[in-house]
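Q: Here's a structure for you.
Each value in this text was obtained by applying a stated rule to the coordinates, not by laboratory testing. Note that the structure is a prediction, hence the values are computed from the model and not measured. Cβ: placed from backbone, ideal geometry, glycine included. Neighbour counts: every protein chain shown.
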Amino acid sequence: MLQGALGAGTLLSAGALSSCAGSVASATSSGTLVRIWDLLGGSDGQIMGEIVDGVREELPHVTIDRTTLAWGAPYYTKLAMASTGGRAPEAAVMHLSRLIGYAPGGLLEPFDLDLLEQVGITESDFPAALWERALFQDELYALPLDTHPFITFYNPAIAEPAGLLNPDGTLVEIDNPDALLDAGRAMAEVTGAQGFSYGYLSDAAQGWRMFWGLYGQTGAGYDFTPGRPVDFDDGAAVEVLEFMQSMLDGTVAANNSDYGGAIANFSTEQTGLIFSGVWEKTSLQGSIPDLGGATVPIIFGTPAAFGDSHSYVLPRQLVANQERREATYEVLGAILKRGLRWADAGHIPSLIPVVESSEYQDLVPQRNYAQAAEWIFLDPPVWFAGSGSDFQNRMCQAMQTALQGLGTAQDAVDTMIGEMNTFLETPAPA
Amino acid sequence: MSATTSDATAATPSSAPSAGRKDLRRSLRDAERRAEQLHSGRSGYWFILPFAVVFLVFLVWPIIYGIWMSLTDRTLIGTSPGFVGLANFIEAFGDAQVWQTLWQTVLFTLGSTIPLILVAMVMALLVFTGLPGQWLWRFAFFASFLLPVAVVTQIWAWMYQPDLGLFNTWLGALGIDPVGWLTDPNWAMIAIIAATVWWTVGFNFLLYLAALQAIPEHLYEAAAIDGAGAWRRLFSITIPQLGRTTWLVLALQLLASLKVFDQIYLLTAGGPNGSTRSILLYIYDTGFVNYRLGYASAISYIFFALIVILSLTRFFGGRKEA
């Protein structure tokens with residue numbers, strides 16, 4: 001994911017507006033052309049580049065044309081426009097949480113399970129919950145590449161003197177809100193600044209990532225049905241938001257960090273732990289080589305971790321070319337099977353055999369947070385939600401005032417519910 | 001026509017009246033023939049054709065198509081839009097966000113236009129007073145205008161950065177609490193206006209500088225002889241003489257500020273809590289993020305109508321002024 005790469009990630013989305021030109025140009029005459037769009041603009045994008053190079057060697061009869069576009073709302077706009085026009089690439093990466101906004105509109109083609117099996121990919125290779133979410137009307141519309149939860153990274157050099165490490169170097173179990181705040185204070189004593197880094201200001205996702213994961217931990221349900229007022233546990237939401245406010249007290253964590261600032265503070269050892277996405281693993285290791293990782297602590301009872309999944313989809317094409325379609329399955333199968341390399345980017349590979357392999361279990365810190373994939377808590381399955389959506393942006397904005405201490409948690413939750421209802425009243429584009 | 005005639009008259013030798021009359025008649029005939037050719041010739045159309053085609057395809061047709069779209073429930077991902085009559089317009093008039101974002105656009109326009117005129121004028125006057133190193137001042141004041149918006153917003157986002165940014169570091173040195181420049185709803189619009197003024201004031205500055213250079217020197221000489229001081233000359237000669245330029249700057253600036261999108265999109269994406277969302281940003285979000293093209297078109301046309309009304313007011317107001 002691109003967003004973390006520069007901190008001011010949103011600024012880069014402007015560049016995306018002009019970067020879609022190259023996708024068709026580099027088609028060569030040798031081999032069947034398979035065009036793939038992705039949104040992997042950060043350090044994970046480089047690793048994907050190496051994976052694709054490997055696939056090129058493995059499948060010399062296929063020409064892979066990979067186009068990386070900036071992550072965010074404009075990516076999905078471009079994908080939708082390309083699909084509507086019927087001249088879309090053969091495959092594209094999409095966040096699984098966005099699938100419900102695309103599949104019903106006829107913008108995507110379902111996967112042919114027989115063809116998938118021919119390239120060695122079957123349902124039993126995937127965690128059941130992930131597979132389930134990739135279905136629409138009993139057909140598979142998305143092929144998950146990974147899960148990428150929101151987790152914690154920590155600096156052992158700070159966690160250890162703070163008394164937060166087990167003898168094996170993993171983070172001690174923290175199972176209630178007060179224990180988490182205490183851990184932050186203990187780390188703050190070591191650093192002399194703050195305990196945790198959490199950058200949420202001016203960000204269209206970070207606030208929601210932590211909130212929604214913790215909301216899932218409370219076990220409170222929800223019902224987002226278009227045309228009806230939202231069913232959302234107001235009390236649980238306020239409890240979560242008040243916890244986040246108490247965390248951002250200037251000692252446990254600063255209340256004025258944005259995405260880049262949080263990374264800077266963690267990398268320069270001003271803090272000992274950062275709440276972030278797995279995709280930051282590679283860049284954080286650049287400054288903290290013995291970086292530790294753990295799932296977000298389960299502090300409200302129910303195991304849940306906010307996350308999403310990069311999944312391949314087959315955008316609708318006006319003139320589908322069977323030869324290219326089959327080559328696409330080969331390419332996607334080969335990419336998925338290189339999950340171990342993909343794990344280097346921090347993401348948790350989707351294929352169970354990869355995660356269970358001894359090679360993966362040797363990867364540190366990946367193996368210490370891989371469990372989060374089983375607890376993955378996606379956005380509500382409704383057309384307007386998901387990664388890079390206006391919905392997430394608006395939720396983050398509503399929370400931001402409260403998190404800065406400029407308003408109450410209750411007011412923020414009221415605003416959020418108001419926004420949710422506005423979205424639910426809006427006719428779905430189909 | 002008249003120019004041709006007078007040329008012909010001038011060419012007439014005054015020493016030979018009769019021959020002159022003959023020449024005159026011939027010249028007039030030639031001139032008429034040329035004029036006829038000009039009027040009947042079709043070559044002119046070829047010259048305007050390239051522009052006309054571009055104009056029709058990229059301006060007129062999208063306007064017509066947009067009006068049609070605003071009467072349908074067309075979406076970015078849907079294939080068969082249905083006609084919904086004025087439903088989109090009715091929804092837009094009842095949509096609180098349309099009015100909220102429109103109000104915020106007006107706030108931005110007022111908040112940016114006034115400093116963009118005053119600061120530009122003051123800068124032009126300072127440079128015009130004859131400071132040494134004229135080229136340096138001109139260049140320095142105009143240079144920021146040449147930067148692309150992505151660069152401008154990147155620079156300002158760093159300066160506004162809540163934790164490590166330049167402004168909050170300065171405030172900290174003075175013992176003042178940090179300000180959430182782009183994250184506090186009370187400050188975000190002001191912060192965006194400040195960045196906009198810094199970025200675009202150079203253009204207005206240049207217009208004012210040109211206008212200052214065009215004020216006749218003799219006015220100042222006469223005033224000086226009458227004993228007018230520097231302030232008197234400023235308020236009685238310079239500023240009134242800049243009146244036409246101020247009208248021009250005002251008109252251009254109003255239109256530019258009403259169209260605000262880029263810097264808001266890049267700096268705050270409309271946040272915090274929608275406090276900087278301009279109407280164009282709302283139209284963009286509605287059409288291209290939430291995919292409701294029909295509804296987004298309807299809001300666009302309401303906004304378009306308001307701008308047309310404003311332009312007409314200015315046109316008639318401006319004519320009276322002149």
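Q: Hey, got the Cα dimensions of segment A:60-131 along the principal axes, in Å, largest first?
A: 35, 34, 22
Q: For peptide B:152-164, how many partner chain Cβ atoms fall within 10 Å of a residue's Cβ, on average? Write out the running numbers ahead of the final one.
A: Values: counts 0, 4, 5, 0, 0, 7, 4, 0, 2, 10, 10, 13, 8.
That average works out to 5.
Q: If I histogram all Cα-Cα distances within segment B:42-195 using bins 10 Å wide from 0, what percent of pairs lands in each bin?
A: 8, 17, 22, 25, 18, 8, 1, 0
Q: Rg and Dmax of segment A:74-232, Cα atoms, in Å?
A: Looking at segment A:74-232, its Cα Rg and Dmax stand at 21.3, 59 Å.
Q: How long are the three semi-axes of the equivalent ellipsoid of chain B, in whole Å, if each is the root of 5 times an eigenvalue of the C-alpha gyration tensor, listed from largest down? Mind showing how you got there, number by number?
A: Values: eigenvalues 471, 267, 58 Å².
Three semi-axes, in Å: 49, 37, 17.
Q: Next question, about the same structure. Using a basic spin-label model with each label point 7 Å from the Cα along Cα→Cβ, how many nm lie between B:Ala140 and B:Arg25?
A: Computed distance between label sites B:Ala140 and B:Arg25 equals 7.4 nm.
Q: Then there's this: Against the longest principal axis of chain A, how steep is helix A:177-191, in degrees 0 to 90 to the nearest 10, with axes from Cα atoms?
A: So the helix axis and the longest Cα principal axis differ by about 80 degrees.
Q: Would you kindly give the portion of the calculated P(r) for the protein assembly as shown that falls above 35 Å, as a percent of all Cα pairs? Walk me through the numbers before you get to the answer.
A: Details: 155717 of 282376 pairs.
Result: 55 percent of Cα pairs exceed 35 Å.
Q: Would you mind telling me the antiparallel percentage of the DSSP bridges in the protein assembly as shown, rounded to 5? Intermediate values should be presented prior to the final figure.
A: Values: 28 of 43 bridges.
Antiparallel bridges: around 65 percent, rounded to the nearest 5.
Q: In cubic angstrom, how much convex hull volume per residue do the alpha carbon atoms of chain A span? Could you put the intermediate results ahead of the total?
A: On the way: hull volume 55.1 nm³, N = 430.
Roughly 128 Å³ of hull volume per residue.
Q: log₁₀ I(q)/I(0) of segment A:274-414 at q = 0.11 Å⁻¹, via Debye over equal Cα point scatterers, no solvent, to two decimals?
A: Evaluating at q = 0.11 Å⁻¹ gives log10 I(q)/I(0) of -0.60.
Q: Round to the nearest 10 and give me the degree value, 0 to 90, for the angle of helix A:409-425's Cα axis relative to the longest principal axis of chain A.
A: Around 20 degrees separate the two axes.
Q: Let me ask something else about it. Using only the alpha carbons of segment B:223-316, what is the convex hull's orientation-averaged projected area in square nanometres?
A: On the way: hull surface 36.5 nm².
The number I arrive at for segment B:223-316 is 9.1 nm².
Q: Here is a further query. Among all the aspartates and glutamates, which ones have a C-alpha under 19 Å from B:Lys259's C-alpha, if same-chain residues fewer than 8 places away are not counted?
A: B:Asp285
Q: Here's a follow-up. What is the percent of Cα-Cα separations in segment B:41-130 that go past 21 Å?
A: Here the tail beyond 21 Å accounts for 67 percent of pairs.
Q: What does the average come to when, for each residue of peptide B:71-78, you count the partner chain Cβ atoms lying within 10 Å of its Cβ? Write down the numbers at each step before the final one.
A: On the way: counts 0, 0, 3, 1, 7, 9, 16, 7.
Per residue, the average neighbour count from other chains is 5.
Q: Now for a different question. In Å, what Kirkwood hydrodynamic radius results for segment A:256-354 from the alpha-carbon pair distances? Let's see the in-between values first.
A: Numbers: mean 1/r = 0.0595 Å⁻¹.
Result for segment A:256-354 stands at 16.8 Å.
Q: With only alpha-carbon pairs counted, each pair once and no self-pairs, how large is the Kirkwood hydrodynamic radius of segment A:168-209 in angstroms? Numbers along the way, then the final one.
A: On the way: mean 1/r = 0.0827 Å⁻¹.
After inverting the mean inverse Cα-Cα distance, the result is 12.1 Å.
Q: So what's the angle, to the nearest 10 degrees on a 0 to 90 scale, between helix A:73-85 and the longest Cα principal axis of chain A?
A: 20
Q: Can you list the HN-Hα couplings for segment A:259-267, worked out from phi with the Karplus curve (6.51, -1.76, 1.60; θ = phi - 60°), rounded to whole Hz and with x for Gly and Pro?
A: Once rounded to whole Hz, the list reads 4, x, x, 4, 5, 4, 5, 6, 5.
Q: Helix-only mean residue ellipticity at 222 nm, chain B, DSSP H runs n ≥ 4 weighted -39,500 (n - 2.57), per residue, nearest 500. What is it? Spell out each step's value before the answer.
A: Values: 16 runs with 223 residues, N = 322.
Helix contribution divided over all residues of chain B: -22500 deg cm²/dmol.
Q: Which values of log₁₀ I(q)/I(0), to two decimal places, follow from the Debye formula for segment B:148-222 at q = 0.17, 0.20, 0.21 Å⁻¹ with a uniform point scatterer at every Cα?
A: Values returned for q = 0.17, 0.20, 0.21 Å⁻¹ are -0.71, -0.87, -0.92.
Q: Take each of the peptides B:248-259, A:220-231, average the number of other beta-carbon atoms within 10 Å over its residues, and list them starting from the highest. Numbers along the way, then the final one.
A: Details: B:248-259: 17.4, A:220-231: 13.2.
Result, highest mean Cβ count within 10 Å first: B:248-259, A:220-231.
Q: Using a simple charge model, +1 on the beta-carbon of Lys and Arg, -1 on the beta-carbon of Asp and Glu, nothing else, what dipole does the protein assembly as shown show about its Cα centre, in debye to the nearest 20?
A: Numbers: 38 positive and 69 negative charges, 1104 e Å.
Approximately 5300 debye in magnitude.
Q: Note down the relative contact order for chain B as a percent, whole number, built from C-alpha pairs under 8 angstrom at least six residues apart. Each step should come with its number before you reach the end.
A: Numbers: 304 pairs, mean separation 82.4, N = 322.
Here the relative contact order equals 26 percent.
Q: Per residue and in Å³, how big is the convex hull formed by the alpha-carbon atoms of segment A:90-181?
A: Working: hull volume 16.6 nm³, N = 92.
It comes to 181 Å³ per residue, whole-number rounded.
Q: Roughly how far apart, in whole Å, are the Cα centres of segment A:351-403 and segment A:105-134?
A: 20
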